[in-house]
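Chemist: Dropping the structure in here first, questions after.
The values are calculated or read from the model by the stated rules, or taken from the named source; none is laboratory data. Owing to the predicted nature of the structure, the values given are computational and were not obtained by experimental measurement. No Cβ is skipped: glycine too gets one built from the backbone with ideal geometry, and neighbour counts run over all protein chains shown. Heads up: the accessible areas ignore ligands, DNA and RNA and are worked out on the full protein's heavy atoms, side chains in. Shrake-Rupley method; radii C 1.70, N 1.55, O 1.52, S 1.80 Å.
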Amino acid sequence: MTEKSPLKLLCVTAHPDDECFGFGGALMLAAERGIETSVLCFTDGQAATNRGTAATAAELGLMRRAEFAASCKILGVTRHEVLDYQDGQLEFANFSQAAALLVERIRADRPQVVLTFGGDGAGNTHADHCMVSFFTTAAFHWAAQAKRFPALGPTHTAQRLFHTTSSFFFPGRPSPLPAPWTVTLDVARVQHRKFEAFRAHTSQLPLMERFQSYFEKRVGQEHYVLAATPHPQPAAQMTDLFAGLIE
Ligand SMILES: [Zn+2]
């Protein structure tokens, strides 16, 4: 049994399967160290191209909620939740409300490390990914500011905001405009479980099959950029999201 760490990580995503595509290695490495990990996913993914055996959008949403839960279990996630935002529509959501929801969550749970997408929308440039990045980035800053949403609990200054960034582009897809990375995580040791988590997304297996050979060459590393901290500092290359934080 791993000794429990006082550190907490919050990961904010858009769709069931983002947690493993984007963040799976980071989540598993944190869990191995006894760090509490939470994944908050904005939509149930019912607008996906791959629809499995689902006859309706609502049915696909339910399937994908179950797949998300199974994937989070494999990734050792402590707490996971799917919100009720509409898949494919996050650019039209009320920005202030979405950010306030995250401010409230950050102030209540008090994570030191927050992970989300970059503004480029990640490998597939999905607008939902961009929006989750913007909501979460605003919430990271606003959770620390007493003047913002004073009714939503005492302020919390999280120590590090990381955005995922791309170190490669998918063939045959429009390329994102990624931020240069400041973090290289070696996740080769847990790569097999990352694939296991992918496979828990049964309805999305055609996507997996399409990119499997590509992934196999690339999933040994995850790249992030340190996007915000309370301490002014030059950019430095890191290999650990938690380096220097008290454990
Ligand atoms: Zn996604």
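Chemist: Looking at Ala200, is it surrounded by fewer than 16 Cβ atoms within 10 Å (Cβ to Cβ) and out of contact with any strand residue (DSSP E or B) (no Cβ under 6 Å at 6 or more places or on another chain)?
Modeler: no
Chemist: Could you tell me how many of the residues in segment 58-72 are without any contact (Cβ under 8 Å) to a residue 24 or more places away in the chain and open to solvent by 40 Å² or more (accessible area, probe 1.4 Å)?
Modeler: 4
Chemist: Out of the residues in segment 116-146 that are part of a helix (DSSP H, G or I) and among the hydroxyl-bearing types (Ser, Thr, Tyr), which is farthest from the ligand (Cβ to nearest atom)?
Modeler: Thr137
Chemist: Are any residues in segment 158-210 within 20 Å of Ala47 (Cα to Cα) and in contact (Cβ under 8 Å) with a residue 60 or more places away in the chain, and if so, which ones?
Modeler: Phe198, Ala200, His201, Thr202, Ser203, Gln204, Leu205, Pro206, Leu207
Chemist: Here's another thing I want to ask about it. Please go through segment 145-181 and give me each residue that is touching a Ser or Thr at 6+ places or on another chain (Cβ under 8 Å), at pLDDT 95 or above, of a type in the set (A, V, I, L, M, F, W, C) and open to solvent by 40 Å² or more (accessible area, probe 1.4 Å), ordered by number.
Modeler: Scanning segment 145-181 gives Ala146, Ala179, Trp181.
Chemist: Being open to solvent by 10 Å² or more (accessible area, probe 1.4 Å) and either within 12 Å of the ligand (Cβ to nearest atom) or without any contact (Cβ under 8 Å) to a residue 40 or more places away in the chain (or both) is the filter here; which residues of segment 19-43 pass it?
Modeler: Phe21, Gly22, Gly34
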